[in-house]
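The values are calculated or read from the model by the stated rules, or taken from the named source; none is laboratory data. Just so it is clear, the structure is predicted and the values come from calculations on it, not from any experiment. As a convention, Cβ positions derive from the backbone with ideal geometry for all residues, glycine included, and neighbour counts pool all protein chains shown.
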Amino acid sequence: MSVDLPEYYFRVRENGAAVFRVDTENRHRRIEMEQIAVINIRNGEVKPQGKRALSNDDSAAIAEWMNARKSLLARRDIDDIHRTIDHLNLTTQWAQSRATDAELEDITDRLLMAMHDLRSVLVRKKADRLDK
């Protein structure tokens, strides 16, 4: 095969990943993937599959992937918040210029409650930061 494949493949799951060792050095020259572990990104748990013990290389690759994944998820969270700010601005413009009375009646109470909840949390967190 002319393409260099990674030694490990991480199949992303909701709370982490399934980890596979990639093997192309077999007699059929096929790509074979052997599952070696399951990762829970939230609690940092790594469960080897079957009765296997992970090698130092396995553990290092898994730790490196987990750090990169946590960083990616954190960047996505912040990006989602910036998008939320944009959506709030677009919602304000919609409510002011295009919304019908019926549409406003449908969303006003839920939106006001969500905004009140958000404002309460933000004000409390800001006060905590100022107290430090």
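Within the range 63-70, is there a residue that is within 14 Å of the chain's Cα centre (by Cα), of a type in the set (A, V, I, L, M) and either surrounded by 12 or more Cβ atoms within 10 Å (Cβ to Cβ) or within 30 Å of Leu111 (Cα to Cα) (or both)? First the steps, then the outcome.
First pass over the range 63-70, keeping only residues within 14 Å of the chain's Cα centre (by Cα): 65-70.
Narrowing the set further to residues that are of a type in the set (A, V, I, L, M) leaves 66, 68.
Imposing the further condition that a residue be either surrounded by 12 or more Cβ atoms within 10 Å (Cβ to Cβ) or within 30 Å of Leu111 (Cα to Cα) (or both) reduces the set to 66.
Yes, because at least one residue in the range 63-70 is within 14 Å of the chain's Cα centre (by Cα), of a type in the set (A, V, I, L, M) and either surrounded by 12 or more Cβ atoms within 10 Å (Cβ to Cβ) or within 30 Å of Leu111 (Cα to Cα) (or both).
So the check is Cβ under 9 Å with 6+ separation or different chains; which pairs have a first residue in the range 103-132 that's within 20 Å of Thr91 (Cα to Cα) and a second one that's polar (S, T, N, Q) and assigned to a helix (DSSP H, G or I)?
Ile107/Thr91; Leu111/Thr91
Looking only at the range 72-87, decide whether some residue is in contact with a Lys or Arg (Cβ under 9 Å, 6 or more places away or on another chain), surrounded by 10 or more Cβ atoms within 10 Å (Cβ to Cβ), at negative phi and in contact (Cβ under 8 Å) with a residue 24 or more places away in the chain.
To start, the set of residues in the range 72-87 that are in contact with a Lys or Arg (Cβ under 9 Å, 6 or more places away or on another chain) comprises none.
No, that holds for no residue.
Checking the condition among the aliphatic types (A, V, I, L, M), surrounded by fewer than 10 Cβ atoms within 10 Å (Cβ to Cβ) and out of contact with any Lys or Arg (no Cβ under 6 Å at 6 or more places or on another chain), which residue from Ala60, Ala102 passes? Write out each step before concluding.
Details: Ala60 fails: surrounded by fewer than 10 Cβ atoms within 10 Å (Cβ to Cβ).
Going through Ala60, Ala102 in turn, just one is among the aliphatic types (A, V, I, L, M), surrounded by fewer than 10 Cβ atoms within 10 Å (Cβ to Cβ) and out of contact with any Lys or Arg (no Cβ under 6 Å at 6 or more places or on another chain): Ala102.
Could you list, in sequence order, all residues of the range 14-23 that are modelled with pLDDT under 95 and out of contact with any Leu (no Cβ under 6 Å at 6 or more places or on another chain)? Break it down stepwise before answering.
From the range 14-23, those modelled with pLDDT under 95 are 14-15, 21-23; that's our starting set.
Hits for the range 14-23 are Glu14, Asn15, Arg21, Asp23.
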